[in-house]
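Remarks on the structure that follows.
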Amino acid sequence: MSQQQDCLFLDVDTGIDDAFALLYACAAPQARLVGVSTVVGNVSLAAATRNTRAVLALAGRAEVPVAPGAAVPLGADPNDASAIHGVTGLGHAVLPEPAEPAHAAHAVDAIIAAARAQAGRLVLVATGPLTNVALAVMREPELPRLIKRFVIMGGAYREHGNVTPSAEFNIWHDPEAARIAFRAFGGPGGAPVVAIGLDVTRRTTIDGADLDALAARIGDRPREGALMTFLRDSARFYFERTERQSGQRFLVMHDPLAVAVALDPTLVETRRAAVDVETSGRLTTGATVVDWDGRWGRLPNTDVAVTVDAERFRAAFFAAMVRLAD
Ligand code: BDR
Ligand code: CA
């Protein structure tokens, strides 16, 4: 690993866009993926772990340890997202059963160990509910000071939700955990949460024409067949749903954008503010509430992404897929 490279650790609930995020992380030149942990969310913990190991194998990175974490949320009943990601979590894609076993360590221990081992240069990205991260900061309160950057895909800040009118899935799935995580980060010496919410992810989509263009670019490369089959088959399930809903076939790149920003923060503009999570609203449980004007008098704990350079992100994603096909 070169001196300049950051170390990347992903906490995922592998669904379709988590899978794309993992592929991107495996191909990123700026950082080395050192570990992955899994959490219940889009699918069960067991399915998320299996999918993660299978996707890493597809990327040629089967050796990356995958540590299973929370099988249930801290403060809510599990609610999967099989309508969006399919029963397995990977849409219509079928990947071989992964050979590499799941890691023996629990996600919480794996996150803390990676943060200590790579103190000051670990970039932690969460693309699922924040259950594992909340448990990790309760176990190791120094976590926000040990890591270099903490990026989440989660929340809806000036935007409507995607599960309820006000809540985004990852926050809504375990609002108690999200509240603990937001409150633990930021503050003196601690990394703030970099929040990649629906405000920016909804601006980053890909469609069938993008996948055709990618296929043309990666033509005869060694992993072209397996990679394109996976991208097309998983995305097709997502396209079918958006077509039923809106008449248009597209995939929102929620989780890959979070990984991309973790590696290149200049892809988004952010605004620093205090954020908290509604845990017991009559209508708004899981909403991320931002104090844009400092009315609470709290220290800001979050860099909220407010704009995104979508074209530069899309170009970086497709360039990464080309590298991965080699
Ligand atoms: C988030 O919810 C999940 O379904 C996606 O994987 C993404 O992490 C978007 O709200
Ligand atoms: Ca996810």
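The values are calculated or read from the model by the stated rules, or taken from the named source; none is laboratory data. What you see is a predicted model, and the numbers here were worked out from it, not measured in a lab. Virtual Cβ from ideal backbone geometry, glycine too; neighbours counted across all protein chains shown.
Any idea which of Val163, Val108, Val123, Val200 is at pLDDT 95 or above and either among the hydroxyl-bearing types (Ser, Thr, Tyr) or in contact with an Asp or Glu (Cβ under 8 Å, 6 or more places away or on another chain) (or both)? Outline the logic, then answer.
Values: Val163 fails: either among the hydroxyl-bearing types (Ser, Thr, Tyr) or in contact with an Asp or Glu (Cβ under 8 Å, 6 or more places away or on another chain) (or both); Val108 fails: either among the hydroxyl-bearing types (Ser, Thr, Tyr) or in contact with an Asp or Glu (Cβ under 8 Å, 6 or more places away or on another chain) (or both); Val200 fails: either among the hydroxyl-bearing types (Ser, Thr, Tyr) or in contact with an Asp or Glu (Cβ under 8 Å, 6 or more places away or on another chain) (or both).
Within the list Val163, Val108, Val123, Val200, the selection yields Val123.
Looking only at region 1-19, filter to residues that are within 15 Å of ligand 1 (Cβ to nearest atom) and among the acidic types (Asp, Glu); which one of those is surrounded by the fewest Cβ atoms within 10 Å (Cβ to Cβ)? Spell out the reasoning first.
So in region 1-19, the residues within 15 Å of ligand 1 (Cβ to nearest atom) come out as 10-19.
Adding the requirement that they be among the acidic types (Asp, Glu) leaves 11, 13, 17-18.
Values: Asp11: 29, Asp13: 34, Asp17: 26, Asp18: 33.
Taking the candidates together, the pick is Asp17.
Spot the failing condition for Thr285; the list is (1) modelled with pLDDT under 95; (2) in contact with a Ser or Thr (Cβ under 9 Å, 6 or more places away or on another chain), and only one is missed.
So Thr285 meets the others, but not (1).
Pairs, please: C-beta under 8 Å, at least 6 apart or cross-chain, first residue among the charged types (D, E, K, R) and in region 120-142, second in a helix (DSSP H, G or I)?
Arg139/Val108; Arg139/Ile112; Glu140/Ile112; Glu140/Ala115; Glu140/Leu146
If you go through region 119-175, how many residues are small (Gly, Ala, Ser), over 16 Å from the mean Cα position of the chain (by Cα) and not in a loop (DSSP other than H, G, I, E, B)? Reasoning before the result, please.
Filtering region 119-175 down to residues small (Gly, Ala, Ser) leaves 119-120, 126, 128, 134, 136, 154-156, 161, 166-167.
Keeping just the survivors that are over 16 Å from the mean Cα position of the chain (by Cα) gives 119-120, 136, 161, 166-167.
If we keep only those that are not in a loop (DSSP other than H, G, I, E, B) as well, we get 136, 167.
So the answer is 2.
Got at least one residue in region 20-32 being crowded, with 24+ Cβ neighbours inside 10 Å and in contact with an Asp or Glu (Cβ under 8 Å, 6 or more places away or on another chain)?
Yes.
Within region 182-207, which residues are outside any loop (DSSP other than H, G, I, E, B) and under 16 Å from Ala156 (Cα atoms)? Don't jump to the end; show me each part of the working.
Residues of region 182-207 outside any loop (DSSP other than H, G, I, E, B): 182-184, 193-196, 198-201, 205-206.
Phe182, Val193, Val194, Ala195, Ile196, Leu198, Asp199, Val200, Thr201 - these are the residues of region 182-207 that are outside any loop (DSSP other than H, G, I, E, B) and under 16 Å from Ala156 (Cα atoms).
Using beta carbons and a limit of 9 Å, which pairs, at least six apart or on different chains, have the first residue in region 151-179 and more than 12 Å from ligand 1 (Cβ to nearest atom) and the second one acidic (Asp, Glu)?
Qualifying pairs under 9 Å: Tyr157/Asp199; Arg158/Asp199; Ser166/Glu278; Pro175/Glu278; Arg179/Asp276; Arg179/Glu278.
Taking region 157-179 as the search range and keeping residues that are buried (at least 22 other Cβ atoms within 10 Å of the Cβ) and of a type in the set (A, V, I, L, M), which one is nearest to ligand 2 (Cβ to nearest atom)?
Ile171
Among the residues of region 206-249, which ones are farther than 24 Å from Ala54 by Cβ, among the acidic types (Asp, Glu) and at pLDDT below 95?
Listed by number, the list holds a single entry, Asp220.
Would you confirm whether or not region 35-52 contains a residue that is touching a Leu at 6+ places or on another chain (Cβ under 8 Å) and surrounded by fewer than 19 Cβ atoms within 10 Å (Cβ to Cβ)?
no
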